[in-house]
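Below is one structure, written out as structure tokens; the observations come after it.
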Amino acid sequence: MRLEDISKLRLVPGDEVCVAEEFMPGEGTYEAGGKVRSAVIGYPVTNLDLRVVEVKRVNNKARLPGAGVVVYGFVISMKEDYALVKIFSDSKCVKYLTPFTGILHLSQVHDKYVKSIYDFIKPGDVLKARVISESPPYHLSIKERQLGVVVAYCSICGAELTKQGNTLTCPNCKNVESRKLSHEYGTLKCV
């Protein structure tokens, strides 16, 4: 393997970095069977003067949603007073390594009285929501004008609904539905 190729590798523990004749093992590496191997997840860095190779650790800290952050998520199930949401990305469409569970309570859907959450969202919808708690399951809110449903599907045939004014219409079966829409409805590219 060429020296310039070594520095581009992302290594996991046990991966071969080089043979022991090329470089001595440094921090984040060990020698086994005449080969220098990675002891951590990271990238190799070589010191040509000392003929040492190290593996610099990658920050393995998981990215978590925090209070105040805007996220995107799928509505996976609902009851009359709450919905379970699988949070899949942040507001910049950067996906989380693993989805997080969110809860959208009826009181966080609208400023006015809400009898049923089904009047504002449906299972399968994609929401843009604000996280209002610090730890999982994350409590969500869609009260703000820019928050709400960004993608919705027809309750009858399953086709993606198109926005016409303040309502949604199915291009296939012409079913008309309503949701609490985000101003970004129909423009989301990260689903």
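The residue of the stretch 73-101 that is farthest from LEU147 (Cα to Cα), among those that are polar (S, T, N, Q) and assigned to a strand (DSSP E or B), is THR98.
Reported count of residues in the stretch 149-191, each being open to solvent by less than 30 Å² (accessible area, probe 1.4 Å), over 23 Å from TYR96 (Cβ atoms) and free of Cβ contacts under 8 Å to residues at least 60 places away in the same chain, is 8. Considering the conditions (1) surrounded by fewer than 21 Cβ atoms within 10 Å (Cβ to Cβ); (2) touching a helix residue (DSSP H, G or I) at 6+ places or on another chain (Cβ under 7 Å); (3) part of a strand (DSSP E or B), LYS143 is excluded by exactly one of them, (3).
Contact annotation: residue pairs with Cβ atoms under 6 Å, 6 or more positions apart or on different chains, pairing a residue in the stretch 106-121 that is closer than 12 Å to LYS79 by Cα with a partner that is among the acidic types (Asp, Glu), are LEU106/ASP81; SER116/GLU80.
Among the conditions (1) outside any loop (DSSP other than H, G, I, E, B); (2) exposed (fewer than 12 other Cβ atoms within 10 Å of the Cβ); (3) at pLDDT 90 or above; (4) not β-branched (Val, Ile, Thr), the only one that GLU21 does not satisfy is (1).
When the residues of the stretch 129-148 are filtered to those that are more than 15 Å from PHE100 (Cβ to Cβ) and of a type in the set (Lys, Arg), which remaining residue is modelled with the highest pLDDT? Looking at residues that are more than 15 Å from PHE100 (Cβ to Cβ) and of a type in the set (Lys, Arg), I get LYS143.
The values are calculated or read from the model by the stated rules, or taken from the named source; none is laboratory data. Predicted model, so just to flag it, every value in this text is computed and none were measured. Note: ideal-geometry Cβ built from the backbone for every residue, glycine included; neighbour counts use all protein chains shown. Areas reflect the complete protein model, heavy atoms only, side chains present, ligands, DNA and RNA absent. Shrake-Rupley method; radii C 1.70, N 1.55, O 1.52, S 1.80 Å.
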